[in-house]
Amino acid sequence: DGGITQSPKYLFRKEGQNVTLSCEQNLNHDAMYWYRQDPGQGLRLIYYSQIVNDFQKGDIAEGYSVSREKKESFPLTVTSAQKNPTAFYLCASSRQGAGEQYFGPGTRLTVT
Amino acid sequence: KNQVEQSPQSLIILEGKNCTLQCNYTVSPFSNLRWYKQDTGRGPVSLTIMTFSENTKSNGRYTATLDADTKQSSLHITASQLSDSASYICVVRTMDSSYKLIFGSGTRLLVRP
């Protein structure tokens, strides 16, 4: 998992509650990414950030929000507006936008 | 539409046997193609990366091949071990301004003793 940490590993929330997933990297990478992984599907990009204080929506940004106040941190908030939040969430980082992405260990979120 | 399709969805083999996983893609043009290994409940880890001009790339018992004309790639695992049990994901990077990654849904491999 090479210098990228995600916490917690498992997270349980009640429907209607916002929840924030943590992602930290000590690789000095400029770019960071959030993906969602569902059974039988490829990873889907939620948000990405190529530089501090800047981020862009990915393919499935609705119901999610992010911030990038520090180079090493890229937290993801799953809001109550996300209709199907239960999933495995993966954070990744790369030296620059087109570079190899290194993945964190993931957070499994269960919303009931 | 840019797509990456992998087959089979799942595969069971006996320890010590070889196997080949397939990846077909419609991404064109593409920058590179990478195979990842993902253990259950963990993040993916890169195994190999190939550009469009490369035909084969090895990493220990893992050998990836690429045919850019037919838009097919394969991952061959030799002398499988129990620790090879994982999902194997084919990922293609686009060559447009977004340099986006297109992920396959993976092949789940189970190696039995």
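The values are calculated or read from the model by the stated rules, or taken from the named source; none is laboratory data. For clarity, every value in this text was computed on a predicted model and none was experimentally measured. No Cβ is skipped: glycine too gets one built from the backbone with ideal geometry, and neighbour counts run over all protein chains shown.
Remarks
- Flag if B:I49 is buried (at least 21 other Cβ atoms within 10 Å of the Cβ) and within 12 Å of the chain's Cα centre (by Cα): no
- Residue tally, condition among the charged types (D, E, K, R), part of a strand (DSSP E or B) and within 14 Å of chain B (Cβ to nearest Cβ), over region A:42-81: 2
- Filter pass, A:S7 being of a type in the set (S, T, Y), at pLDDT below 95 and under 26 Å from B:Q3 (Cβ atoms): no
- Test: residue in region A:30-40 that is in contact with an Asp or Glu (Cβ under 6 Å, 6 or more places away or on another chain) and not in a strand (DSSP E or B): no
- Residue within region A:59-66 that is within 12 Å of the chain's Cα centre (by Cα), of a type in the set (A, V, I, L, M) and over 26 Å from B:S87 (Cα atoms) present: yes
- Residue list for region B:49-65, filter: closer than 22 Å to A:G99 by Cβ and charged (D, E, K, R): B:E54, B:K57
- Flag for B:R108 being modelled with pLDDT of 95 or more and farther than 21 Å from A:L43 by Cα: no
- Filter result for A:D59 (farther than 16 Å from B:I102 by Cα and surrounded by fewer than 15 Cβ atoms within 10 Å (Cβ to Cβ)): no
- The set of residues in region A:32-81 that are without any contact (Cβ under 8 Å) to a residue 24 or more places away in the chain and of a type in the set (D, E) comprises A:D54, A:D59, A:E62, A:E69.
- Of the residues making up region B:56-88, those that are surrounded by fewer than 13 Cβ atoms within 10 Å (Cβ to Cβ), modelled with pLDDT under 95 and not acidic (D, E) number 1.
- When residues of region A:82-107 are limited to those that are in a strand (DSSP E or B) and within 7 Å of chain B (Cβ to nearest Cβ), the one nearest to A:G63 (Cα to Cα): A:L90
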